[in-house]
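Structure record follows, encoded as structure tokens.
Derivation of every value follows stated rules applied to the coordinates shown; laboratory data play no part. Just so you know, these numbers come straight off a predicted model, no measurement behind them. Here Cβ is always computed from backbone atoms with ideal geometry, including for glycine, and neighbour counts include all displayed protein chains.
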Amino acid sequence: MQLATNNDIARIHLEFFPSIAWMVFAQQQKNISIELYESFPRQTFRNRCLLLSSDGVQTISVPILRSKTAKLLTKDAEISWKEDWNVRMWRAVYSNYGKSPFFEYYDVEVRKLLEKKHRFLLDLNYDVFDFLRKSFALDINIYATDDYVRNKDKNFVDAFRPQTRKEDGEFFETYFQSFSDKLPFESNLSCLDLLFSMGKEGGNYIRNGKLPQHLNL
């Protein structure tokens, strides 16, 4: 990522297999600045994503190495490989989406992303973002911050939280999901759900997506 030179660009965090609302926001902005110098928070989409399983919404998390003494910045967050979280995630992806219309078009690339043992979470998230940007043919440029400056008017670093997932996606249209025959529609899951369900046409879904007022500049 190039360094951001324009403080007028919206600041935001970079998500792991981003929520649809995050991607809609990024597409609307065209240019976004990724906050690197924040204290890495817990229980956010920075290292987790939401998939749809036969039992409902499933959370997948990337374990992070943490120090009991040192302050952890987002740019320094390292992935813990003491457990095979990536293997468990791939099994979940295959179980949840193996019969989806577009699974066979993207499964190899998704598996490669999970098999590559990135050291830093930021690098994994960027590779995931780049894959989704290309798959959906989106026009989004992301930049990196080189400081910790809060611009209240264009600061969305604390937006797009798991706790507000349904609220953030309340205006999204429904589409056919895995297990639609037994489960109600779940809005604003990970973009993986959209990709396996709609393929590249998911790009139009993102471009036409409407966000609630608190997520609009």
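So here's what we get for this one:
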| read-out | value |
| --- | --- |
| Taking ASP158, ASP181 and counting other C-beta atoms within 10 Å, the order from fewest to most | ASP181, ASP158 |
| Of the GluC sites (Glu not before Pro) in the stretch 60-120, those whose Cβ has at most 11 other Cβ within 10 Å and which sit in DSSP loop | GLU83 |
| Under 13 Å from LYS117, Cα to Cα: aspartates and glutamates that are on another chain or at least 8 residues apart | GLU78, GLU83, ASP84, ASP127 |
| Extension gain, SER67 back to ASP153 (0.36 nm per residue minus Cα-Cα distance, nm) | 27.7 nm |
| Whole-number percent relative contact order across the stretch 2-215, with pairs defined as alpha carbons under 8 Å at least 6 apart | 35 percent |
| Cα gyration tensor shape for the chain, rounded if a/c is under 1.5, else prolate or oblate | oblate |
| Charge dipole (debye, nearest 20) of the chain; +1 at Cβ of Lys and Arg, -1 at Cβ of Asp and Glu | 460 debye |
| Whole-Hz ³J(HN,Hα) from phi, Karplus 6.51 cos²θ - 1.76 cosθ + 1.60, for the stretch 28-38, glycine and proline x | 5, 6, 6, 10, 9, 10, 8, 6, 9, 9, 6 |
| Neighbour-limited loop hits for GluC sites (Glu not before Pro), the stretch 132-217 (at most 16 other Cβ within 10 Å; DSSP other than H, G, I, E, B) | GLU170, GLU173 |
| Out-of-range pairs (alpha-carbon distance over 28 Å; input LYS71/LYS134; LYS166/LYS200; LYS99/LYS166) | LYS71/LYS134 |
| Computed lengthening from VAL108 to TRP81, 0.36 nm per intervening residue step minus Cα-Cα distance | 7.6 nm |
| Under 5 Å, built H, 5+ apart or other chain: amide partners of ALA10 | SER33 |
| Among beta bridges that DSSP assigns inside the chain, antiparallel share in %, nearest 5 | 50 percent |
| Among ALA10, GLN213, LEU124 - extreme Cα towards positive end, dipole of the chain, charges at beta-carbon | LEU124 |
| The stretch 19-90 and the stretch 96-152: distance between their alpha carbon centers, rounded to Å | 11 Å |
